[in-house]
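Worksheet: the structure to be examined is printed underneath.
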Amino acid sequence: MSSHERCSVVEVMGRNAGFLALYVGIAVGATAVLVPEHELDFEKDVVERIRESRLAGNTHFMIVVAEGAGHAMEISAKIKEAVGIDPRVTVLGHIQRGGSPNARDRETATRMGYYAVEALAEGRFNCVIGTKEGDIVEIPIEEALQMKKHLQMSRYKIMEAMQLGGSAR
């Protein structure tokens, strides 16, 4: 993207929660990150950020959109209308679920498998095996289905500070 001086709008999973979009945005230094937990003000959250980035000398812009915060094609069209640049759209969807596991992933999966078999052998059914703070935990399925992962707004503030060159609004 930077070698071609473009704007990219990348839509990632996150219908009800924007933590994945936020983490991606922080990791890549996105120009803007749109998440369902933060009400979108298009002018402030996208257009102003692109303009500020341009004034800072940047020629490439990345807008990361959680699917629950908007649709990449619509965001792209609005950017073109407001700023006059023609963004490239990428909808990752479920493609992003893949990837090569590292040693930690493999070790955790093995431990979880062991505990799942152990639960079955001991007659414990209707449970979910997961991790919490590095430990393997067993959660009744009814409880697990009610759980929600919430966006850490402190990380959103970090992302905003990075976009503004180190000072939070």
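The values are calculated or read from the model by the stated rules, or taken from the named source; none is laboratory data. On a predicted model such as this, the values are computed, not experimentally measured, just so you know. Because the Cβ atoms are built from the backbone with ideal geometry, glycine has one as well, and the counts that use them run over all protein chains shown. We work out accessible area using only protein heavy atoms, side chains counted, and drop any ligands, DNA or RNA first. Shrake-Rupley method; radii C 1.70, N 1.55, O 1.52, S 1.80 Å.
Tabulated data for the structure shown
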{"read-out": "Residues of the range 118-139 satisfying the condition of being touching a strand residue (DSSP E or B) at 6+ places or on another chain (Cβ under 8 Å) and not aliphatic (A, V, I, L, M)", "value": "R124, N126, C127, G130, T131, E138"}
{"read-out": "Those residues of the range 28-67 which are surrounded by 17 or more Cβ atoms within 10 Å (Cβ to Cβ), in contact (Cβ under 8 Å) with a residue 40 or more places away in the chain and acidic (D, E), in sequence order", "value": "E37, E67"}
{"read-out": "Meets criteria (part of a loop (DSSP other than H, G, I, E, B), open to solvent by less than 60 Å² (accessible area, probe 1.4 Å), closer than 30 Å to I139 by Cα and of a type outside the set (D, E, K, R)) for P101", "value": "no"}
